[in-house]
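Note sheet for the following structure.
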Ligand SMILES: Cc1ncc(COP(=O)(O)O)c(C=O)c1O
C-alpha cells in the first residue's frame with residue numbers, strides 16, 4: 001500500500017495526486033512513443049506539443065494578453081534575481097525594490113551587486129510582519145523598473161493588490177509562492193516569474209511571463225542563456241530545457257483548469273487559509289501569527305508560547321502524518337505551506353491537530 005502524508009513543505013512541495021498518477025501512467029510509454037518524457041527529444045513533435053499546450057493553458061488560466069511571451073527557464077527564481085537587472089536596467093540607471101521579506105531582500109541584494117538598486121520600502125525592523133502601504137513607498141519616477149514579491153514564503157505576507165509604480169515604470173513580480181493561486185491582471189505587469197516548485201510543478205523550471213516591449217531593452221552583449229530576448233526567440237528551446245519539469249507543469253495547469261480555473265482555486269485557497277487562521281485567532285493567544293496584516297493564504301507562519309512546545313508540535317505533527325511544519329529559522333515557530341495541491345482534507349487534519357495540541361498543552 002502506498003502511504004501518502006499531508007505535506008506542508010514550503011517547496012519543493014506537494015503535487016496534486018492526480019498529476020502524479022497521470023505521470024505514473026504515462027511514465028513508460030508517453031502517448032505511444034514507447035519512451036518516457038525524460039527520454040524523448042526536446043525537438044520532437046511530442047515535446048513541442050507539451051510546451052504548446054502548457055503555454056496555451058497558462059495563457060487561458062491567467063488571461064495572458066497576446067503581447068506577452070511565456071518562457072520556461074532554468075536557474076530557478078534566484079537566477080531571475082540577476083537576469084532582471086542584467087536585461088532591464090540600462091547602464092547607469094537605478095531600479096526600485098520593495099523589500100518585504102527574505103526573498104525580496106535577496107532579489108534586492110543580487111541587483112545591488114550588479115548596479116544601482118534602491119529599497120522603495122523595507123519593513124525589516126519589524127521582521128517583515130506586514131506589507132508597506134502604497135503611501136509608505138519611496139518611488140523613483142525614473143526607475144528602470146519596480147520589483148516586488150507577491151508572496152513572501154518565509155515570512156508569510158502576501159500582496160492581494162499590486163503596488164502601483166509611477167507612470168511608465170515597469171512592474172516586475174516574483175510570484176514564486178503564490179503563482180496560479182488566484183486570478184491576476186497580467187496587463188498591469190511587465191514581467192511575472194515563478195519558480196515552479198511550490199504551486200506549479202517540480203523544481204528545475206521557472207515560469208516567466210514577459211511583455212514583448214521589455215525584450216527591446218535587452219542589451220546585445222549578454223550570454224545567450226541569460227538573455228530573455230534570445231530565449232524568447234527560441235521559445236525557451238535555446239538549449240536542452242528541463243523537459244520533465246515542463247511536462248509536469250503542463251499536467252498541473254491541466255489539473256487547475258479541471259478544478260474550474262483560478263477563480264475556483266482562489267475560493268478553495270481562501271477557505272483553506274481561513275480554517276487555519278481561525279484556529280490561530282480563536283486560540284486565546286496560544287498560537288500567535290507572525291504576520292499582523294496582509295496574511296498569506298499560501299504560507300501561514302505562527303508561534304507557540306515556548307520553543308520547546310514548538311519542537312514538540314513539529315514532532316507530534318509528524319507522528320500524525322502532517323509533515324513540513326517547522327518554520328524558517330529567521331522567523332522561528334511553525335509554517336504551514338498550503339499551496340494549491342493541498343486539498344481541504346489536509347487542512348482539516350491540520351486544524352484538528354492544532355486544536356487538540358492546544359487542549360493537551362495549553
Ligand atoms: C518567493 C520566492 N522567490 C524565490 C525563491 C527562490 O527560488 P529558487 O530556489 O527556484 O531559486 C523562492 C524559494 O523558496 C521563493 O519562495
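Quick note: the coordinates plus some simple rules give every number you see, no bench work behind them. Note that the structure is a prediction, hence the values are computed from the model and not measured. Please note: Cβ atoms are built from the backbone with ideal geometry, for glycine as well, and neighbour counts cover all protein chains shown.
Provide the gained length on full extension for the span residue 116 to residue 187, in nm with one decimal, where the gain is 0.36 nm per separating residue minus the Cα-Cα distance.
Numbers: separation 71, 0.36 × 71 = 25.56 nm, distance 2.67 nm.
Computed gain between residue 116 and residue 187 is 22.9 nm.
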| query | Put a dot 7 Å past each Cα toward the Cβ at residue 142 and residue 82; how far apart are the dots in nm? | reply | 2.9
| query | For the stretch 203-332, what does the alpha-carbon gyration tensor say about shape, rounded, prolate or oblate, given a ≥ b ≥ c as the root eigenvalues, a/c under 1.5 as rounded, and a/b over b/c as prolate? | reply | prolate
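What Kirkwood hydrodynamic radius, in Å, does the chain give when the mean of 1/r is taken over all pairs of distinct Cα atoms and then inverted? Working shown, then result.
Numbers: mean 1/r = 0.0471 Å⁻¹.
By the Kirkwood definition, the hydrodynamic radius is 21.2 Å.
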| Label points 7 Å out from Cα along the Cβ direction at residue 343 and residue 319: separation in nm? | 2.8
| task | Would you mind telling me which residue in 76, 274, 327 has the biggest mean-square fluctuation in a Gaussian network model of the chain, where springs connect alpha carbons within a distance under 10 angstrom? | result | 274
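Report the relative contact order of the stretch 18-258, percent, no decimals, based on alpha-carbon pairs under 8 angstrom and at least 6 residues apart. Don't skip to the end; give the middle numbers.
On the way: 434 pairs, mean separation 61.5, N = 241.
For the stretch 18-258, the relative contact order is 26 percent.
With a ≥ b ≥ c the root eigenvalues of the C-alpha gyration tensor of the stretch 49-100, is it rounded (a/c under 1.5), prolate (a/b larger than b/c) or oblate? Kindly include the intermediate steps, with their values, before the conclusion.
Details: a/c = 2.33, a/b = 2.03, b/c = 1.15.
Here the stretch 49-100 falls in the prolate category.
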| Distance in nm between pseudo-label sites at residue 1 and residue 311 (7 Å out along the Cβ direction from Cα) | 3.3
| request: Quote to one decimal, in nm, the extra length available between residue 41 and residue 216 on full extension: 0.36 nm per residue of separation minus the C-alpha distance between them. | output: 59.9 nm
| field | Most mobile listed residue (33, 236, 245) in the chain, GNM with C-alpha springs under 10 Å | value | 33
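Could you compute the FRET efficiency for residue 93 and residue 66, with r as their C-beta to C-beta distance and R0 at 25 Å, rounded to 0.05? Show your work: numbers first, answer last.
On the way: r = 28 Å, r/R0 = 1.14.
That gives a FRET efficiency of 0.30.
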| field | Length added when fully stretched, residue 164-residue 330, from 0.36 nm per residue minus Cα-Cα | value | 56.9 nm
| Rounded to the nearest 0.05, what FRET efficiency do residue 29 and residue 109 have when you use their Cβ-Cβ distance and R0 = 51 Å? | 0.65
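By its C-alpha gyration tensor, with a ≥ b ≥ c as the square roots of the eigenvalues, how is the stretch 16-167 shaped: rounded for a/c under 1.5, else prolate for a/b larger than b/c, else oblate? Walk me through the numbers on the way to the answer.
Details: a/c = 2.49, a/b = 2.03, b/c = 1.23.
Here the stretch 16-167 falls in the prolate category.
So in the stretch 154-266, what percent of DSSP beta bridges are antiparallel if you round to the nearest 5?
Of those bridges, close to 60 percent are antiparallel.
If R0 is 51 Å, what FRET efficiency do you get for residue 238 and residue 361 from their C-beta distance, rounded to 0.05?
Working: r = 55 Å, r/R0 = 1.07.
Efficiency at R0 = 51 Å is approximately 0.40.
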| In deg cm²/dmol, rounded to 500, what helix-only [θ] at 222 nm does the chain give when every DSSP H run of at least 4 residues adds -39500 (n - 2.57) and the total is split over its residues? | -11500 deg cm²/dmol
| said: Quick check on the chain: of the DSSP beta bridges with both residues there, what percent are antiparallel, nearest 5%? | reply: 55
